[in-house]
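The values are calculated or read from the model by the stated rules, or taken from the named source; none is laboratory data. This is a predicted model, so every value here is computed, not measured. Glycine also receives a Cβ, built like all others from the backbone with ideal geometry; neighbour counts cover every protein chain displayed.
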Amino acid sequence: MKPLFTLLLFALLFSCTEKTKKAETIAKHIKLEKGDLKLPNYEALLDLNLVLEAPKPGEWLYDHYEKGQSYGDYIKSNPVAPFEDIKTIYIQPIGEFTDWEQKIINWNTEYIELFFNLKTIQLPPISEKSIPKSKQRIYYGNEQLDATYIINTMLPKKKPKDGIVIMGLTAKDLYPKPSWNFVFGLASYKKRTGVSSIARYSEEELNETNYSKCLMRLIKTSTHEISHMFTIKHCTYAICLMNGSNNLNESDSRPNGLCSECLSKLSWNLNFDNVSRLNKLIAFMETHHLSDDASFLSKQREVMLIQK
Ligand SMILES: [Zn+2]
Ligand SMILES: [Zn+2]
């Protein structure tokens with residue numbers, strides 16, 4: 001029994017030392033690269049990560065092999081980063097919205113600005129009429145827009161010179177190519193354009209009592225897609241906003257927050273004050289009754305207040 005116990009203890013000690021070393025390396029690296037920031041306590045953040053269980057049939061990681069992208073891989077990948085005069089995120093509404101849908105689009109823009117700590121501007125809406133008839137269709141009685149046309153042809157022309165990313169939003173359903181039924185959203189990381197639809201985010205007409213779910217889904221999709229445009233790949237480390245998902249159930253089960261690994265990537269790239277950013281995100285979530293998401297971020301804020 002004794003050798004086995006010693007081996008086990010050694011393994012535990014080893015993994016703990018490795019974890020601490022990694023957290024310290026990330027913190028030191030960010031400090032070296034970006035100057036004297038208010039650094040989060042990465043070691044404590046690692047302990048908050050929720051374990052990503054082995055994927056079950058139907059889930060994203062069951063069907064897709066993903067290598068993962070560590071913080072070190074990210075730094076080496078020379079990621080897309082805001083340039084001196086190219087650092088604004090643009091939101092492009094497409095088509096018409098009901099009053100409640102419009103409110104959700106406006107709140108989403110507000111949230112994106114807080115999430116990335118980058119100026120975010122909502123452009124005047126584009127009429128669906130500007131999309132050629134051949135790029136629209138009626139599918140089983142449902143009006144749909146061609147998402148591929150939107151991200152490859154329409155949005156690049158709409159992106160102002162200082163735009164680092166442009167994200168189209170519509171209340172109409174989307175399809176990526178004629179053989180597909182529909183798609184929730186589509187993005188071109190090369191062109192830094194994306195489009196997402198809220199058509200399937202609510203089963204009933206939106207109102208004061210039910211809008212939160214639709215807003216939660218939209219802010220999740222928008223920040224997930226825009227994070228990809230900053231070269232952050234799908235997360236395989238923990239339960240995280242950057243996990244891939246196959247369907248709405250799977251993405252609903254993810255938090256509206258980043259794990260320690262993904263947060264360190266974004267924090268390094270965008271150089272924000274983590275505590276002040278979290279204060280604003282939590283206040284937003286509390287205003288919009290997103291209490292589970294607020295509590296996920298509150299735990300992170302709590303450990304970040306213990307500065308290293
Ligand atoms: Zn993704
Ligand atoms: Zn992650």
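Structural remarks
- Evaluation of residue 297 against (1) within 16 Å of ligand 2 (Cβ to nearest atom); (2) of a type outside the set (Val, Ile, Thr); (3) out of contact with any Leu (no Cβ under 6 Å at 6 or more places or on another chain); (4) touching a residue at least 24 places away in the same chain (Cβ under 8 Å) (one fails), failing number: (3)
- For the range 134-186, a tally of residues being of a type in the set (Ser, Thr, Tyr), over 20 Å from residue 221 (Cα atoms) and in a helix (DSSP H, G or I) returns 2.
- Cross-chain or 6+ apart pairs with Cβ under 8 Å, the range 195-206 first and surrounded by fewer than 21 Cβ atoms within 10 Å (Cβ to Cβ), then of a type in the set (Gly, Ala, Ser): 199/171
- Single residue of the range 240-257 satisfying the filter (in contact (Cβ under 8 Å) with a residue 40 or more places away in the chain and over 22 Å from residue 270 (Cα atoms)) that is nearest to ligand 1 (Cβ to nearest atom): 244
- In the range 46-79, the residue that is farthest from residue 124 (Cα to Cα) out of those that are of a type in the set (A, V, I, L, M) and buried (at least 18 other Cβ atoms within 10 Å of the Cβ) is 46.
- Evaluating residue 262 against the criteria (1) assigned by TED's automatic domain parsing to the domain that holds residue 105; (2) hydrophobic (A, V, I, L, M, F, W, C); (3) within 16 Å of ligand 2 (Cβ to nearest atom) leaves one unmet condition, (1).
- For residue 270, the test of being under 30 Å from residue 84 (Cα atoms), away from ligand 1 (no atom under 16 Å from the Cβ) and in contact with a Lys or Arg (Cβ under 6 Å, 6 or more places away or on another chain) is failed.
- Residue 252 meets each of the listed conditions (1) more than 16 Å from ligand 2 (Cβ to nearest atom); (2) farther than 28 Å from residue 164 by Cα; (3) outside the structural domain of residue 51 (by TED's automatic domain parsing); (4) loosely packed, with under 15 Cβ neighbours inside 10 Å apart from (2).
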